[in-house]
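Accompanying notes for the structure given below.
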Amino acid sequence: MANYSSYKKVSGASLSAASLDSTKFDPNTRKTFGVKWIFGSPNSCSNGCCCAWSVPAGVKKVQWEIWGSGGSGAGACSTSRCQHYKGAGGGYYNNQTITVTPGDVYSVCAAGNGLCCRRECDGCRGCASYVNGTNLSNFCAIGGYEAYANGSWSSPCESYWDCCLQAGANGGEFGFGSHSGAFGGAQWWFAHGHCHCIHQQTRATSAPLIGTEVQMSINYCWMRCGCWTVPYGNGGQSAMSSYCGGGNCCGTGGFGGPGLVRITYY
Amino acid sequence: MATYSSYKKISGASLTDGSVTDAKLETNAFKNYNIKWIRGCLGSETPGCCCQWTVPTGVTRVTFELWGSGGNGHGLCVNNRCQHYAGAQGGYYNIKTISTKEGCQYSICAAGVYPCQSVECYACDGCVSYVNGYNLSNFCALGGKGGCANSSWNTMCFSDWARCCSDPSGSHWGGDFSMGTHGGGFSGSFNCHCYRHTECSSGAPFLTGGNFVTNELTECWMRCGCHNVPYGSGGQGGQTTYCGSNCCGRGTTGGSGVVKITYF
């Protein structure tokens, strides 16, 4: 039954056009903008960070930006022939903007770095970052590709796509990755034929839109591990040797940089 | 005494749900969104830009993003042994989103750059960008590490964190999330009369990206770091492939810092 409150309602139609300025509204009205970052430890052996995120009161739109973790570095991979080394790739990027309802809960994971630290000729793929929840479907950013080493001097040395994803892949509106690092060019010491290489230099690549720098180079060195942690999303450092046949050496590659999630909400 | 005007007030509770359309809003109501950039010149010597910024009418939320300036490039650093060279590091990044009030004033500095130790083996670090004001505490972004040269062939040639590995939670620098990148690794050469130097200075995260400031040398008595570099990037170093020369090639300054203000 109608009561006094329902009778005294005023329709917006009775308001003059352009008559409401922002002072007429509650101070928190439409003032919901915020940016939230989800990230794990930047160290090696990082588990990343997985959590549930609730849409704050008043928020209607959310932009998700996610980066997978970088691939890990290769081991020194010393054999009976000198190696050349291909840098690890940075994590992929993906982006999606959606309409949300306050109180909705999203499952968010910023990738760890795979707990992979290898002596072998190849590293490990980076891990995927992802978000699950209303209005999202299979939304993720894959990890970067692993570094590796080989003794084939006929391998092409240009960088290339390990995986060329279309921009709308993996549930996003726009995502992409970068090339993995190219094979480093080693200068041979001619008296030693293919063995005993010098001047190794290559790079692990960064994640798109972050843009970081990691490089590896040696002159003469029996063994150099990929010792340093690397920035978020970047490919890990590889181990290197300028010699061959060092069967007792065991240089290990480093971890890739962990993934990131950036939430921008309105 | 109550007036007719005070009696005729309408509470929001009296409005029919969904009946107030955009057409009823005054032109500027809730149209506060904007982005403002604070930055100095791109020259080789600039004080950056320091100013007061006042929160505009109606604005209640602000995101500050800071980039420190890049480290300077090293000098030629000649002595009686050949050098190898490490590129300068890009400036660090920090971001903070806060509630604010219209009329609040913030003291903002986008870091500058200045020639410093430009012929020496170890160049100066970049400068700090910062913001002070309501709801902020010790909020800043470090400058990058300067480039360097040495003749120690035992020095590790892989890139590393250079100045420091910042806490991503920003707890040391007052932000929500902060990060830097590696400095440039040492170029590869050996003994005297070296050749084939390749070094890169790094950029600043989320701004100029990875390694596109490059300095290469095959054989040359002296090559200064001649060119200005982008905002936040590490400067170019001076290089030689010889030793024992009297040359005095200089490194350049890093790219100056930047502050981005996004407000609603």
The number of residues in the stretch A:78-93 that are over 29 Å from B:GLY209 (Cα atoms) and surrounded by fewer than 24 Cβ atoms within 10 Å (Cβ to Cβ) is 3
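Looking at the stretch B:71-174, what strands (runs of 3 or more DSSP E) fall wholly within it and have at least 2 residues that are open to solvent by less than 10 Å² (accessible area, probe 1.4 Å)? Write out each step before concluding.
Details: elements: B:84-86, B:93-99, B:105-110, B:129-132, B:139-141, B:148-150.
Per the criteria, B:84-86, B:93-99, B:105-110, B:129-132, B:139-141.
Yes or no: A:ILE66 of a type in the set (Val, Ile, Thr) and either crowded, with 24+ Cβ neighbours inside 10 Å or on the phi > 0 side of the Ramachandran plot (or both)?
On the way: of a type in the set (Val, Ile, Thr): yes; either crowded, with 24+ Cβ neighbours inside 10 Å or on the phi > 0 side of the Ramachandran plot (or both): yes.
For A:ILE66, the condition - of a type in the set (Val, Ile, Thr) and either crowded, with 24+ Cβ neighbours inside 10 Å or on the phi > 0 side of the Ramachandran plot (or both) - is met.
Quick one: in the stretch B:44-58, of everything that is part of a loop (DSSP other than H, G, I, E, B) and open to solvent by less than 30 Å² (accessible area, probe 1.4 Å), which residue is modelled with the lowest pLDDT?
In the first step, residues of the stretch B:44-58 are kept if they are part of a loop (DSSP other than H, G, I, E, B); the result is B:44-45, B:47-48, B:55-58.
If we keep only those that are open to solvent by less than 30 Å² (accessible area, probe 1.4 Å) as well, we get B:48, B:55, B:58.
Working: B:GLY48: 96, B:VAL55: 96, B:GLY58: 84.
Looking at the filtered set, the residue picked out is B:GLY58.
Return the only residue of A:THR32, A:THR79 being among the hydroxyl-bearing types (Ser, Thr, Tyr) and either on the phi > 0 side of the Ramachandran plot or within 13 Å of another protein chain (Cβ to nearest Cβ) (or both). Walk me through how you get there before you give the answer.
Values: A:THR79 fails: either on the phi > 0 side of the Ramachandran plot or within 13 Å of another protein chain (Cβ to nearest Cβ) (or both).
Step by step, each of A:THR32, A:THR79 is checked, and only A:THR32 is among the hydroxyl-bearing types (Ser, Thr, Tyr) and either on the phi > 0 side of the Ramachandran plot or within 13 Å of another protein chain (Cβ to nearest Cβ) (or both).
Tally the residues that are more than 12 Å from the chain's Cα centre (by Cα) and at pLDDT below 95, restricting the search to the stretch A:115-136.
At the first step, the residues of the stretch A:115-136 found to be more than 12 Å from the chain's Cα centre (by Cα) are A:115-124, A:131-136.
Those left that are additionally at pLDDT below 95: A:115-124.
Total satisfying the criteria: 10.
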Pick from the stretch A:124-138, criterion in contact with a strand residue (DSSP E or B) (Cβ under 7 Å, 6 or more places away or on another chain) and crowded, with 24+ Cβ neighbours inside 10 Å, ranking: nearest to A:PRO258 (Cα to Cα)
A:SER129
Can you find, within the stretch A:37-58, the residue that is least open to solvent (accessible area, probe 1.4 Å) among those that are within 8 Å of chain B (Cβ to nearest Cβ) and under 23 Å from A:TYR266 (Cβ atoms)?
A:TRP37
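Determine, yes or no, whether A:PRO258 is within 14 Å of the chain's Cα centre (by Cα) and either open to solvent by less than 30 Å² (accessible area, probe 1.4 Å) or at pLDDT below 85 (or both).
Numbers: within 14 Å of the chain's Cα centre (by Cα): yes; either open to solvent by less than 30 Å² (accessible area, probe 1.4 Å) or at pLDDT below 85 (or both): yes.
Answer is yes for this residue.
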Just checking, does the stretch B:7-19 include any residue being touching a residue at least 40 places away in the same chain (Cβ under 8 Å) and away from chain A (no Cβ under 12 Å)?
no
Give all pairs with beta carbons closer than 6 Å in which a residue from the stretch B:130-142 that is free of Cβ contacts under 8 Å to residues at least 40 places away in the same chain meets a residue that is open to solvent by less than 20 Å² (accessible area, probe 1.4 Å) and of a type in the set (Phe, Trp, Tyr); count only pairs at least 6 apart in sequence or on separate chains.
B:GLY133/B:TYR106
Looking only at the stretch B:195-236, count how many residues are part of a loop (DSSP other than H, G, I, E, B), at pLDDT below 80 and crowded, with 24+ Cβ neighbours inside 10 Å.
2
Against the conditions (1) within 16 Å of A:THR29 (Cβ to Cβ); (2) open to solvent by 70 Å² or more (accessible area, probe 1.4 Å); (3) at pLDDT below 85, where does B:LEU15 fall short? Just the number, please.
(2)
Which of the residues spanning the stretch B:59-70 are out of contact with any Leu (no Cβ under 8 Å at 6 or more places or on another chain) and part of a loop (DSSP other than H, G, I, E, B)?
B:VAL59, B:THR60, B:SER69, B:GLY70
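From A:TRP228, A:TRP222, which residue is in contact with a Cys (Cβ under 8 Å, 6 or more places away or on another chain), among the aromatic types (Phe, Trp, Tyr) and either facing another protein chain (nearest Cβ under 7 Å) or more than 20 Å from A:CYS163 (Cα to Cα) (or both)? Talk me through it step by step, then tell me what you get.
On the way: A:TRP228 fails: in contact with a Cys (Cβ under 8 Å, 6 or more places away or on another chain).
None of the other options fit; the residue is A:TRP222.
Would you be able to say whether some residue in the stretch A:216-234 is among the hydroxyl-bearing types (Ser, Thr, Tyr) and assigned to a strand (DSSP E or B)?
Narrowing the stretch A:216-234 to residues among the hydroxyl-bearing types (Ser, Thr, Tyr): A:217, A:220, A:229, A:232.
Remaining after also requiring assigned to a strand (DSSP E or B): A:217.
Yes: the stretch A:216-234 contains one or more residues that are among the hydroxyl-bearing types (Ser, Thr, Tyr) and assigned to a strand (DSSP E or B).
The values are calculated or read from the model by the stated rules, or taken from the named source; none is laboratory data. Remember, predicted model here, so these are calculated numbers, not experimental data. Note that each Cβ is placed from the backbone with ideal geometry, even for glycine, and that neighbours are counted across all protein chains shown. These area figures cover heavy atoms from the full protein model, side chains too; ligands, DNA and RNA do not enter into them. Shrake-Rupley method; radii C 1.70, N 1.55, O 1.52, S 1.80 Å.
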